[in-house]
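Following: one structure in structure tokens, then a few remarks.
The values are calculated or read from the model by the stated rules, or taken from the named source; none is laboratory data. Quantities reported herein were computed from a predicted structural model and do not represent experimental measurements. With ideal geometry, Cβ positions are generated from the backbone for all residues, glycine too; neighbour counts draw on all protein chains shown.
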Amino acid sequence: MIRDKITRRNFVVSLMKTGVILPIIGKGGMERRLGQGRTKLPLIMTSKTNPAVKEQITATAWEVLQKGGTPMDAAEKATNVSEIDPRDPTVGYGGDPNEEGFLQLDASAMDGSDHNNAGAVAALENIKTPCSVARLVMERTDHLMLVGKGALQFAKMHGFKEENLLTEEARRHWVEWKENLSNRDYYISPRKKHKLEEGGTINVLVLDEKGDIAGVTSTVGHHFKIVGRVGDSPIIGAGLYVDNDVGAAGATGHGAEAIKVCASFLAVEKMREGYSPQSACRYVCQRVIDRHGGKPLFGLKIVALTKNGDYGCCSIRGKIHKETGKVIGLGFSVHDANGHRTEAGEAILPPMTEEERKSIPWR
Ligand code: GLY
């Protein structure tokens, strides 16, 4: 039986390495569609569609590869773009703080070419580029994750400077949130309606011409989260997973749910079984939806690619296409030999209704 499994696994992996597509293997009923897309290597993929930074993110990774950098160099430098850009309230500097008004950042890095080695930091304060610290945890320690004070000490030991990460805009956003928390406290709100958004994050997955893969995930976590809260982003297997024999996946959105199903690991394991990235992402999303009786009151998006350049993306909740009125995915960006592009991806459910939003306890 064990021998059987090993043989089967090796067979699938060798098919993926040679680029043969997957319909041959698997149990009846499993979907075997091609991915959302397929491209020639190298391939950069990111969860980000934010107009301000998305092209800069993928272009940075592309340039690093063109100059002979590794997939890990490319994933790190691309993520740094988003981390240091204050216009993105969900990643790094300029992000929204926790409930006490300061930022605690989470990040992870995983390098397929280094035996799928991994590193992570959680609840890291005052450092603009947490993913670079996560990479150093991977490369310069025998540990996997450093948190809080220890992570900060480690970063400083490696020459990172402590900086104030709270921008004026994020501070105002936080004060406004506090003032709107309750109508039975002593804060007085200026009565401006503010839209609270789901926790945001960046995943960057990089596949080079040799088929080596690296991934990075970085986030501020949930806006106004409880001090000390850690999400999925620094958890290997939840917010990020890379297997150099198969592919990589990353998650953004409601981190607790990504942790509960080991979302990124699950997506990669499904691709190992023979699912396309698109089907693997959909499988993970459906699994989460089913855990919530078909009506999850949160968002989650999975991006994935295989070693041979197939890629896909699925979200639990999508958005409505302005012209067609159809539900479409929340989007992702890729960069390959044809340059940068943003694609919609797929979504399983429509956006939450106003009634559903109101029923979320923490809103
Ligand atoms: N996915 C980001 C977080 O929940 O922390």
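Being surrounded by 12 or more Cβ atoms within 10 Å (Cβ to Cβ), modelled with pLDDT under 90 and either outside any helix (DSSP H, G or I) or in contact with a strand residue (DSSP E or B) (Cβ under 6 Å, 6 or more places away or on another chain) (or both) is the filter here, so list the residues in the stretch 165-185 that pass it.
Answer for the stretch 165-185, where residues must be surrounded by 12 or more Cβ atoms within 10 Å (Cβ to Cβ), modelled with pLDDT under 90 and either outside any helix (DSSP H, G or I) or in contact with a strand residue (DSSP E or B) (Cβ under 6 Å, 6 or more places away or on another chain) (or both): N180, L181.
Specify which of the listed residues (G215, G211) is small (G, A, S), assigned to a strand (DSSP E or B), away from the ligand (no atom under 13 Å from the Cβ) and within 24 Å of T58 (Cβ to Cβ).
Numbers: G211 fails: assigned to a strand (DSSP E or B).
Of the residues listed, the single one that is small (G, A, S), assigned to a strand (DSSP E or B), away from the ligand (no atom under 13 Å from the Cβ) and within 24 Å of T58 (Cβ to Cβ) is G215.
Look through the stretch 242-259, keep the residues that are more than 12 Å from M110 (Cα to Cα) and away from the ligand (no atom under 16 Å from the Cβ), and return whichever of them is surrounded by the fewest Cβ atoms within 10 Å (Cβ to Cβ). Break it down stepwise before answering.
If we filter the stretch 242-259 for residues that are more than 12 Å from M110 (Cα to Cα), which is where we start, we get 245-246, 251-259.
Of the ones still in play, those that are also away from the ligand (no atom under 16 Å from the Cβ) are 245-246.
Working: D245: 18, V246: 29.
My answer is D245.
L144 is checked against (1) surrounded by 21 or more Cβ atoms within 10 Å (Cβ to Cβ); (2) over 30 Å from E176 (Cα atoms) and fails just one. What number does that condition carry?
Going through (1) surrounded by 21 or more Cβ atoms within 10 Å (Cβ to Cβ); (2) over 30 Å from E176 (Cα atoms) one by one, L144 breaks only (1).
Name the single residue that is surrounded by the fewest Cβ atoms within 10 Å (Cβ to Cβ) among those in the stretch 218-241 being assigned to a loop (DSSP other than H, G, I, E, B) and away from the ligand (no atom under 13 Å from the Cβ).
Going residue by residue through the stretch 218-241, those that are assigned to a loop (DSSP other than H, G, I, E, B) are 222-235, 237-239.
After this cut, where a residue has to be away from the ligand (no atom under 13 Å from the Cβ) as well, the list is 227, 237.
Working: V227: 12, G237: 22.
Only one residue tops the list, namely V227.
Scan the stretch 270-282 and tell me whether some residue there is within 21 Å of V121 (Cβ to Cβ), more than 10 Å from the ligand (Cβ to nearest atom) and surrounded by fewer than 22 Cβ atoms within 10 Å (Cβ to Cβ). Before you say what the answer is, go through the steps one by one.
Within the stretch 270-282, the subset within 21 Å of V121 (Cβ to Cβ) is none.
Checked against the condition, which is being within 21 Å of V121 (Cβ to Cβ), more than 10 Å from the ligand (Cβ to nearest atom) and surrounded by fewer than 22 Cβ atoms within 10 Å (Cβ to Cβ), the stretch 270-282 yields no hits at all.
Can you tell me how many residues within the stretch 188-208 are away from the ligand (no atom under 16 Å from the Cβ), under 27 Å from G231 (Cβ atoms) and either modelled with pLDDT of 70 or more or buried (at least 24 other Cβ atoms within 10 Å of the Cβ) (or both)? Show your work before the answer.
Initially, the stretch 188-208 is screened for residues away from the ligand (no atom under 16 Å from the Cβ), giving 188-195, 206-208.
Of the ones still in play, those that are also under 27 Å from G231 (Cβ atoms) are 193-195, 206-207.
Checking the rest, the ones that are also either modelled with pLDDT of 70 or more or buried (at least 24 other Cβ atoms within 10 Å of the Cβ) (or both) come to 206-207.
The number of residues fulfilling the criteria is 2.
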